[in-house]
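The values are calculated or read from the model by the stated rules, or taken from the named source; none is laboratory data. Computed from a prediction, not measured in an experiment: that's the story for all the values here. Backbone-built Cβ (ideal geometry, glycine too); neighbour counts: all protein chains shown. Ligands, DNA and RNA are excluded from the accessible area calculation, which covers all protein heavy atoms including side chains. Shrake-Rupley method; radii C 1.70, N 1.55, O 1.52, S 1.80 Å.
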Amino acid sequence: MKMLLLLLGALILSSVGYVRSDASDHRYKEGDIVPLYANKVGPFHNPSETYRYFDLPFCVPEGVKEKKEAFGEVLNGDRLVSAPYKLNFRDEKDSEVYCKKKLSKEEVKKFRQAVEKDYYFQMYYDDLPIWGFIGKVDKEIKSDPSEYKYFLYKHIEFEILYNNDRVIEISARMDPHSLVDLTEDKEVDAEFMYTVKWKETETPFEKRMDKYSMSSSLPHHLEIHWFSIINSCVTVLLLTGFLATILMRVLKNDFTKYAQDEEAADDLEETGWKYIHGDVFRFPTHNSLFAASLGSGTQLFTLTIFIFMLALVGVFYPYNRGALFTALVVIYALTSGIAGYTSASFYCQLEGKSWFQAPCRTTKYPREIPPLPWYRSAVPQMAMAGFLPFSAIYIELYYIFASVWGHRIYTIYSILFIVFIILIIVTAFITVALTYFQLAAEDHQWWWRSFLCGGSTGLFIYAYCLYYYYARSDMSGFMQTSFFFGYMACICYGFFLMLGTVGFRAALFFVRHIYRSIKCE
């Protein structure tokens, strides 16, 4: 397994086209050209809404070259082009002008709209990320937005740390005193300049990426993560303990009762889940759809396990651009056979091709299901089944959303994996419990119900998306809104299929076990 993960990780890294930062080509001599690429610009609060750097009317230098993008970088939305700044190794510069330009009215308006939306830029210097805002809005002592003033930064100051012949860290600061007034629609003369300062550091090259994951490992954040883990573990212990105690006691009583009934007169009426032993293994309606859903859920579960394994061995380190997207596509393609085999084999079982071993024979005609109270119907049962697993993961969801739909970095994959295991356990146990209560009420249509109850957590996650969008984020605009809710609908549907499969498999194991433990005629 370890060798398989290493080979898969190597395949992903080669597909990404990115070599980890211990490669020999990261060594430089004084004056050597160090690659600097401008990536993208966009509204800070709308991470999915990004544009090419030179879509804004910056000075376009001669001979701009586009960096050849790997598959994962394309999926990540990277658009790297050669930047207008020259940051040669250990070559300091002080307020060097690289461009003088007269901005037209249209260009001033375009920059002002970008500044109003808090546009930021992203660059990469020796594969190290750089961020900065392109301008600022002066709102001091002004309540009317029409009185706001808009300014464009025209001077950027780079500070670069190096260790011997390698670049360790870079930061960019916009000079707050060097501004271009964009408030009015008129032509403006702009003189763009930059400063470069080099400082030596003792930080080893192998640890230069550590600072990007440091925020996730701060004591305060770790305390919240561990609180989430403890909360989830307590939920699991209470739930599993409660269900195990109740189910073991109830089942023990049931087995004793049914054993006594077998020795009693044959004309005694059976009640409870044994009463429907001739219908409990009757195949569900829409069995082809059921088999397809089960196969897709199994594939997604396998995909998730492989992604966690790669994360735990360190493939998805910070700013390994596109590695996660490449891994998702590659592993999804490689595991497609699992979906096909699972769906086909289960469909064959449902069609009776000697694959399916049921402990009880199915009667020719189904029994009528007795009238049940409203809270035993599908929707209330799904609400109950989805709430408990969701309550075990909702704290961790915020950090995941802040990483995917924000600018935070998530690197604590071990904690996330523990939360995932807890989610699987809670989903399985709650589905088993609800399946037992359904059978005890003599409702034998448990196949789809167990799948829907197991997958209902995906609906709660999507409901959390609504809360996060309107209460915890500043995202806005049609493009970002459609991206957010569209992508999250796909992800939550995947969770629905995966957890639905987990719930059904647990319920199937339970149902087979209890009906195998009694004598069915």
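Which of rounded, prolate or oblate describes segment 101-189 when judged by the alpha-carbon gyration tensor and an a/c cut-off of 1.5? Walk me through the numbers before you get to the answer.
Details: a/c = 2.83, a/b = 2.17, b/c = 1.30.
Judged from the Cα gyration tensor, segment 101-189 comes out prolate (a/c at least 1.5, a/b above b/c).
Quote the charge dipole size of the chain about the Cα centre in Debye, to the nearest 20; the model charges only the Cβ of Lys and Arg (+1) and of Asp and Glu (-1).
In debye, rounded to 20, the chain gives about 760.
Among the listed pairs 67/136; 29/100; 109/197; 110/142, which are separated by more than 27 Å between their Cα atoms?
Violating the 27 Å limit, Cα to Cα: 67/136; 29/100; 109/197.
Leaving out same-chain residues fewer than 8 places away, which lysines sit with a Cα under 22 Å from that of residue 274?
The reachable lysines, counting only those whose Cα sits under 22 Å from residue 274, are 252, 257, 364, 519.
How much accessible surface does residue 55 have with a 1.4 Å probe, in Å² rounded to 10?
Surface accessible to solvent at residue 55 totals approximately 70 Å².
When the convex hull of the Cα atoms of the chain is projected onto a plane and the area is averaged over all directions, what value comes out in nm²?
Details: hull surface 123.9 nm².
Result: 31.0 nm².
Of 515, 300, 41, which is farthest towards the positive pole of the chain's charge dipole, taken about the Cα centre with +1 and -1 on the beta-carbons of Lys, Arg and Asp, Glu respectively?
515
Any idea what angle helix 2-16 forms with the longest principal axis of the chain, computed on alpha-carbon atoms, 0 to 90 degrees, nearest 10?
Value to nearest ten degrees: 40.
Out of the total accessible area of the chain (probe 1.4 Å, heavy atoms of protein only), what percent is carbon and sulfur?
Taking all protein chains in place, the chain shows 58 percent carbon and sulfur surface.
Order the following by accessible area, largest value first: 407, 177, 155. Probe radius 1.4 Å; ligands, DNA and RNA are ignored.
From most accessible down to least: 177, 407, 155.
I want to make sure I understand the PRE zone here: with the label point 7 angstrom from the Cα of residue 376 toward its beta carbon, which residues in segment 424-445 have backbone N atoms less than 15 Å away?
Those under the cut-off are 434-445.
Let me have the 222 nm mean residue ellipticity of the chain computed from DSSP H runs of 4+ only, each contributing -39500 (n - 2.57), with the sum over all residues rounded to the nearest 500.
Taking each H run of at least 4 residues, the total per residue is -16500 deg cm²/dmol.
In square angstrom, rounded to the nearest 10, how much accessible surface does residue 184 have for a 1.4 Å probe?
110
Would you mind getting me the FRET efficiency between residue 147 and residue 195? Use the beta-carbon distance for r and R0 = 35 Å, nearest 0.05. Don't jump to the answer; show the numbers that get you there.
On the way: r = 32 Å, r/R0 = 0.93.
Efficiency for this residue pair is about 0.60.
How far is helix 219-263 tilted, in degrees, relative to the longest principal axis of the Cα atoms in the chain, given as a value from 0 to 90 rounded to the nearest 10?
On a 0 to 90 degree scale, this one is about 10.
Pulled fully out, how much extra length does the chain show between residue 183 and residue 395, if you take 0.36 nm times their separation in residues and subtract their Cα-Cα distance?
So the chain would gain 72.0 nm between residue 183 and residue 395.
Sequence neighbours fewer than 8 away in the same chain don't count; with that in mind, list the lysines whose C-alpha is under 17 Å from residue 139.
Partners within reach: 117, 149.
Work out from phi, with θ = phi - 60° and the Karplus expression 6.51 cos²θ - 1.76 cosθ + 1.60, the ³J(HN,Hα) of each residue of segment 53-60, listed in order in whole Hz, and give x for Gly and Pro.
Working through the residues one at a time gives 4, 8, 5, 7, x, 6, 5, 9 Hz.
Express in whole angstrom the spacing between the alpha-carbon centres of segment 159-179 and segment 308-340.
So the separation of the two Cα centres works out to 33 Å.
Please compute the per residue accessible area over the chain with all protein chains in place, 1.4 Å probe, rounded to a whole number of Å².
Each residue of the chain exposes 51 Å² on average to a 1.4 Å probe.
Could you pull out every residue, at least 5 positions away or on a different chain, whose amide H is within less than 5 Å of the one on residue 196? Hs are placed 1.01 Å off N in the peptide plane, and Pro or chain starts have none.
It is 93, 94, 95, 158, by chain and number.
So what's the net charge close to residue 45: Lys and Arg +1, Asp and Glu -1, counting the other residues with Cβ under 13 Å from its Cβ?
Summing Lys and Arg as +1 and Asp and Glu as -1 gives -2.
Taking H as built 1.01 Å from N, whose amide H comes closer than 5 Å to the amide H of residue 183, not counting residues under 5 places away?
For residue 183, the qualifying residues are 150.
Within segment 84-115, name every residue whose backbone N is under 20 Å away from a label modeled 7 Å from Cα of residue 138 along the Cβ vector.
Of the residues in segment 84-115, 103, 108-115 have backbone N under 20 Å from the label point off residue 138.
Sort 515, 319, 28 by accessible area with a 1.4 Å probe, largest first.
On the way: 515 0, 319 50, 28 25 Å².
If we order 515, 319, 28 from most to least accessible, we get 319, 28, 515.
Using a Förster distance of 41 angstrom, determine the FRET efficiency expected from the C-beta separation of residue 97 and residue 463, and round it to 0.05. Walk me through the numbers on the way to the answer.
On the way: r = 54 Å, r/R0 = 1.31.
Calculated transfer efficiency: 0.15.
What's the angle, to the nearest 10 degrees (0 to 90), between helix 336-350's Cα axis and the longest principal axis of the chain?
That works out to roughly 20 degrees.
Report the full-extension gain for the segment residue 356 to residue 226: residue separation times 0.36 nm, less the Cα-Cα distance, to one decimal in nm. Spell out each step's value before the answer.
Details: separation 130, 0.36 × 130 = 46.80 nm, distance 4.35 nm.
Net length gain for the segment: 42.5 nm.
Using a 1.4 angstrom probe with every protein chain in place, what is the largest-first accessible-area order of 448, 273, 226?
226, 448, 273
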